[in-house]
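Novice: Dropping the structure in here first, questions after.
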Amino acid sequence: MGGLFGVASKKDCVLDVYFGTDYHSHLGTRKGGMAIWNGTCLNRAIHNIENTQFRAKFESELLKFKGNMGIGCISDTEAQPLTVRSHLGQYSISTVGKINNVEELVQRVFSNKNVHFMETSSGVINPTELVSAIIDQENSFKEGLLKAQELIEGSCSILLLTSKGIYASRDRFGRTPLIIGRKEDAYCVTFESCTFANLGYIFEYELGPGEIVLITPDGLEKVAPPKDKLKICSFLWVYYGYPSSTYEGMSVERMRYRNGALMARNDDVSVDMVAGVPDSGVGHAIGYSNESKIPFGRPFIKYTPTWSRSFMPQDQDIRNLVARMKLMPIPELVAGKRLLFCDDSIVRGTQLRETVELLYSSKAKEVHIRSACPPLVFGCKYLNFSTSRSEMDLIARQAIIELEGKEPESLQEYCDPDNEKYDCMLECIKKKLNFSTLKFQNINDMRDAIGIGKENLCTYCWNGVE
């Protein structure tokens, strides 16, 4: 994934960009960057943040930055923001999303024989550089952004910092959010609305799908209107959105309470305690506990003072080791107890299996797992949330192949909770991961918990429907 933040202010904006970008650190783990317009030119810095947090890495950079407009980015993929000089002028650009037709777009850009790209050491073209090349072939930033949104297959939200202001362009189907905040003498644009409160901003406007606005210190200018069709990613609420954020008017944390409550209504298991797998499973567990009247507890604690997030290391074995080392059981709350855990999702299942083994080694009597979303059967086509994962790594897909003996021609029967094959898949996953019982949230209940209408939600990774 990745996160974006930008500020246009009548005063110096560096600290706002610094802290606002840092508030997106849960969305990416590899690169962080800032670009500031100082009135005459752009100053930029990019750092590797795999082993050091964004805030610590960029603190020493603050003295060299000064200016009233700037953008920042946290990325799980390429280095950005990029700085560009073209016939349109000097600008800085940052993107979030996933471009599925890179080679097609590269060949289109190469039709202009004066264009070239800087490849990374692995021979990969930076997707953000590709977007800038598409923009630069048009006669204005507006035309360039519209052309990029027209041509890109997948999704791409863009912040483009110019001497005039910040162009904010939400991806064509609004799969990721872009939200405007304001305070006295300043406007900001952000992926996460949780940035507002501590920086003194209040909600002003949320861009619609495909909409483009120009943000200046004096206000907003509508550049291109929103399109009709919204397909925002449901996982924002279930998992990777920050609990204190709100998208399309719906609070992430309140959605998780509702979602957990709906899971509890459809459950009849007898347990002693409900808990959440930290951190994003906790809200679902609170909702489950409140609805079921089963006590909520913390039978293990996440040790965070020195351990980074479990998915930061690139090697899966190291990620698993870090995840296990971070979770510290409380034997007095585990021994002899029947425990139910709510998790945001089950992807590979590797870390959750090791968590369950840790609980059994601490003398847990039973460990029941409830997933806050349906089984993940398809890899995401639209966001970089799961780019490093093959679909064959998904525990649901592994179970299907084990049951079928091969990859079936259609997976739809395994996406239908009323189908016998769905029940067989769940039983297979339960045995592979050593759970006492296993249930996944129903897709209709999950969409109801979000509450913005199923026609506005992307659920491709659960049912394969675009």
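Novice: Could you compute the net charge surrounding Lys432? Neighbours are other residues with a C-beta less than 14 Å from the C-beta of Lys432; K and R count +1, D and E count -1. Walk me through the intermediate numbers first.
Specialist: Values: positive: Arg348, Arg353, Arg397, Lys430, Lys431; negative: Glu354, Glu357, Asp393, Glu402, Glu427.
Residues near Lys432 contribute 0 overall.
Novice: Quick one: 3J(HN,Hα) in Hz for the stretch 330-343, Karplus 6.51/-1.76/1.60 with θ = phi - 60°, rounded, Gly and Pro as x.
Specialist: With coefficients 6.51, -1.76 and 1.60, one gets 10, x, 5, 9, 10, 4, x, 9, 9, 10, 10, 10, 9, 10 Hz.
Novice: Taking the Cα-to-Cβ direction at Asn463 and at Arg338 and moving 7 Å from each Cα, how far apart do the two end points lie in nm?
Specialist: Result: 3.3 nm between the two label points.
Novice: Just the Kirkwood number for the stretch 51-189, please: inverse of mean 1/r across all distinct Cα pairs, in Å, one decimal.
Specialist: Value: 16.2 Å, from the Cα pair sum.
Novice: Tell me, what ³J(HN,Hα) does each residue in the stretch 452-466 have, in order and in whole Hz, if you take phi through Karplus 6.51 cos²θ - 1.76 cosθ + 1.60 with θ = phi - 60° and put x for Gly and Pro?
Specialist: So the J values, rounded to whole Hz, are 10, x, 4, 5, 9, 10, 8, 10, 4, 5, 9, 10, x, 9, 7.
Novice: Which three extents, in whole angstrom, do the alpha-carbon atoms of the chain cover along their principal axes, largest first?
Specialist: Answer, in whole Å and largest first: 68, 47, 41 Å.
Novice: Another one. Per residue of the chain, what 222 nm ellipticity follows from adding -39500 (n - 2.57) for every DSSP H run with n ≥ 4, rounded to the nearest 500?
Specialist: -8500 deg cm²/dmol
Novice: Full extension from Ser244 to Asn290: what is 0.36 nm times the residue separation minus their Cα-Cα distance, to one decimal in nm?
Specialist: Stretched out fully, the Ser244 to Asn290 stretch lengthens by 14.6 nm.
Novice: Tell me, what is the FRET efficiency for Tyr360 and Ala197 to the nearest 0.05, using R0 = 51 angstrom and their Cβ-Cβ distance as r? Show your work: numbers first, answer last.
Specialist: On the way: r = 41 Å, r/R0 = 0.81.
Efficiency, rounded to the nearest 0.05: 0.80.
Novice: Next question, about the same structure. Check cross-link reach from Lys64 to the lysines: straight Cα distance under 18 Å, and skip same-chain residues fewer than eight apart.
Specialist: Output for Lys64: Lys11.
Novice: Need one word for the stretch 250-463: rounded, prolate or oblate. Basis is the Cα gyration tensor (sqrt eigenvalues a ≥ b ≥ c); a/c below 1.5 gives rounded, then a/b vs b/c decides.
Specialist: Values: a/c = 1.39, a/b = 1.21, b/c = 1.15.
The shape class here is rounded.
Novice: Along the charge dipole of the chain, pointing to its positive end and built from +1/-1 on Cβ of Lys, Arg, Asp and Glu, which listed residue (Gly208, Phe440, Tyr247) has its Cα farthest out?
Specialist: Toward the positive end, the furthest listed residue is Tyr247.
Novice: Using Cα-Cα distances under 8 Å and only pairs 6 or more residues apart, what relative contact order does the chain have, in percent?
Specialist: 12 percent
Novice: Run the Debye formula on the Cα coordinates of the stretch 111-205, all scatterers equal and no solvent, and tell me log10 I(q)/I(0) at q = 0.20, 0.22, 0.24 1/Å.
Specialist: These q points yield log10 I(q)/I(0) values of -1.05, -1.15, -1.25.
Novice: Shifting gears a bit: Roughly how many nanometres apart are two label points built 7 Å out from the Cα toward the Cβ at Thr437 and Arg85?
Specialist: 6.7 nm
Novice: Once label points are set 7 Å from the Cα along Cα→Cβ at both Gln412 and Ile301, what is their separation, rounded to one decimal in nm?
Specialist: According to this spin-label approximation, the distance is 5.1 nm.
Novice: Fully extended, how many nm does the chain gain between Arg254 and Asp228 (0.36 nm per residue separation, minus their Cα-Cα distance)?
Specialist: 6.7 nm
Novice: Please give the residues of the stretch 60-85, grouped as numeric ranges, whose backbone N is less than 20 Å from a label point set 7 Å along the Cα-to-Cβ vector of Lys11.
Specialist: Within reach of a label on Lys11: 62-72.
Novice: In straight Cα distance, which aspartates and glutamates are under 17 Å from Lys363, not counting same-chain residues fewer than 8 positions off?
Specialist: Asp272, Glu332, Glu354
Novice: If each residue of separation counts as 0.36 nm, what is the full-extension length gain between Asn419 and Cys41 once their alpha-carbon separation is subtracted?
Specialist: 130.0 nm
Novice: Based on the Cβ-Cβ distance from Phe110 to Ser390, what FRET efficiency comes out when R0 is 41 Å, to the nearest 0.05?
Specialist: The pair Phe110/Ser390 has a calculated efficiency of 0.85.
Novice: Hey, can you grab everything whose amide H is under 5 Å from the amide H of Asn101? Only 5+ residues off in sequence or another chain; H modelled, so Pro and N-termini drop out.
Specialist: HN-HN under 5 Å from Asn101: Glu153.
FYI, it's all coordinate maths here, none of it is from the lab. Computed from a predicted model, the values in this text were never measured in an experiment. Cβ coordinates were reconstructed from backbone atoms using ideal geometry, including for glycine residues, and neighbour counts include every protein chain displayed.
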